[in-house]
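Visitor: To start, I am sharing the structure in question, which I have written as structure tokens.
The values are calculated or read from the model by the stated rules, or taken from the named source; none is laboratory data. Because the structure is a prediction, the values reported are computed rather than measured. With ideal geometry, Cβ positions are generated from the backbone for all residues, glycine too; neighbour counts draw on all protein chains shown.
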Amino acid sequence: MELFINGHTADITIDKEKTVGDVMAGLEEWLAGMGHRLSGLSIDGQNANTSLLDDFFSRELKDIKKIDITTSTIADLFAESLLNLLSDIKDFELLDSNDKKTFIDIWKEKAHVLFTFEQMPDLYNIIINLFAGAETDPASVYSITEERLREVKNPVLEFTNLSQHITQTCALLCDLPLDIQTGKDAKAARTIQFFSGISEKIIRNLKQLDLQGFLLPANDTENQINSILSEFGSIVKNLLEAYEKYDTVLVGDIAEYEASPTLQKLYDKITGNIRSKND
């Protein structure tokens, strides 16, 4: 049996593997380490679609002459999935009410939707709520999806453009204790919401910077990023819990003395660890 990956002969020795599924299981960790995922599979010239994968994986190697595997980078799969989701939202809006009711069942089985469910569960929930008939603004969902696509297509630009928003968020966090004391509840709520959104965006951007190789190689600096990120995650958790309990004193202290400086420190550390064009 011959094994090809992206058109090239794979220098892989088949030892104990008996089925196509065995081979794919062995390749899965290797592909993930290379930042790739399986995107296509062909056996003796027959292409597998999603519905045929179980059948293909169960086939015994002794009955096969050639396996062609196609892989894509994780970043490419993110971009492709997001482009398809944008198209899905447009298509959904053009349907009549009866077709909209059946759209979601077919949509959930598509490959890019399964990828979204696995890699972007928050976005999946937003879109599925739209398709399920929740009172969600399609234009807002489309805009959120476009933002995610920008984060994938140009993570460096998207991250560096956050600088002004980080400064603004830190200032709002420092003002939060006074806002709470003076009864500015609406402004305080907006600050918490803005802070949560910025925090989530930093995490998403950091993932793309790492996946696409825009971070410098692992060293003490990267360890510092992970350390600050862990500290920041605990701060976010404690702040939101204190806010939900309406512990105004604790909310103010965490926001001004922990959340604000750590947010800025995390952003600066990641920015300083992004590869330059020369790198």
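Visitor: Quick check: anything in the range 139-159 at pLDDT 90 or above, surrounded by fewer than 16 Cβ atoms within 10 Å (Cβ to Cβ) and farther than 26 Å from ILE74 by Cβ?
Guide: Yes, some residue in the range 139-159 is at pLDDT 90 or above, surrounded by fewer than 16 Cβ atoms within 10 Å (Cβ to Cβ) and farther than 26 Å from ILE74 by Cβ.
Visitor: Something else: Return yes or no: is SER58 assigned by TED's automatic domain parsing to the domain that holds GLY26, within 29 Å of the chain's Cα centre (by Cα) and modelled with pLDDT under 90?
Guide: Details: assigned by TED's automatic domain parsing to the domain that holds GLY26: yes; within 29 Å of the chain's Cα centre (by Cα): no; modelled with pLDDT under 90: yes.
So SER58 does not fit the description; no.
Visitor: While we're looking at this one, here's another question. Would the range 171-184 turn up any residue that is closer than 18 Å to ILE144 by Cα and free of Cβ contacts under 8 Å to residues at least 12 places away in the same chain?
Guide: Within the range 171-184 (the criterion being closer than 18 Å to ILE144 by Cα and free of Cβ contacts under 8 Å to residues at least 12 places away in the same chain), the answer is no, since none of the residues qualifies.
Visitor: OK, next. Let me spell it out: the conditions are (1) in contact with a strand residue (DSSP E or B) (Cβ under 7 Å, 6 or more places away or on another chain); (2) small (Gly, Ala, Ser); (3) touching a residue at least 24 places away in the same chain (Cβ under 8 Å), and ALA48 meets all of them except one. Which number is the exception?
Guide: (3)
Visitor: Which residues, counting only those in the range 22-52, are assigned to a helix (DSSP H, G or I) and either charged (D, E, K, R) or surrounded by fewer than 16 Cβ atoms within 10 Å (Cβ to Cβ) (or both)? Break it down into steps so the answer makes sense when it comes.
Guide: So the first thing to find is which residues in the range 22-52 are assigned to a helix (DSSP H, G or I), and the list is 22-33, 50-52.
ASP22, ALA25, GLY26, GLU28, GLU29, TRP30, ALA32, GLY33, THR50, SER51, LEU52, listed by residue number.
Visitor: Can you go through ILE274, ILE228, ILE235, ILE202 and tell me which one is more than 20 Å from PRO177 (Cα to Cα), at pLDDT 95 or above and surrounded by 14 or more Cβ atoms within 10 Å (Cβ to Cβ)? Show your work before the answer.
Guide: Working: ILE274 fails: at pLDDT 95 or above; ILE228 fails: at pLDDT 95 or above; ILE235 fails: more than 20 Å from PRO177 (Cα to Cα).
Within the list ILE274, ILE228, ILE235, ILE202, the selection yields ILE202.
Visitor: Ok, one more. Just for the range 88-105: of the residues that are under 18 Å from LEU123 (Cα atoms) and β-branched (Val, Ile, Thr), which one is modelled with the highest pLDDT?
Guide: ILE89
Visitor: Here's a check for you: in the range 2-21, which residue that is polar (S, T, N, Q) and not in a loop (DSSP other than H, G, I, E, B) is surrounded by the most Cβ atoms within 10 Å (Cβ to Cβ)?
Guide: THR19
Visitor: Select, from SER97, SER39, SER81, the only residue that is of a type in the set (S, T, N, Q) and more than 29 Å from the chain's Cα centre (by Cα).
Guide: SER97
Visitor: Next question. Which members of the range 244-260 meet the condition of being in contact (Cβ under 8 Å) with a residue 40 or more places away in the chain and either surrounded by fewer than 18 Cβ atoms within 10 Å (Cβ to Cβ) or more than 26 Å from LEU206 (Cα to Cα) (or both)? Even if it seems obvious, please write down each step before you answer.
Guide: The first filter runs over the range 244-260 and keeps only residues in contact (Cβ under 8 Å) with a residue 40 or more places away in the chain, leaving 248, 251-253, 255-256, 259-260.
Matches in the range 244-260: THR248, VAL251, GLY252, ASP253, GLU256.
Visitor: Can you name the number of the only condition in (1) surrounded by 13 or more Cβ atoms within 10 Å (Cβ to Cβ); (2) assigned to a helix (DSSP H, G or I); (3) in the same structural domain as SER39 (by TED's automatic domain parsing) that ASP68 fails?
Guide: The failed condition is (2).
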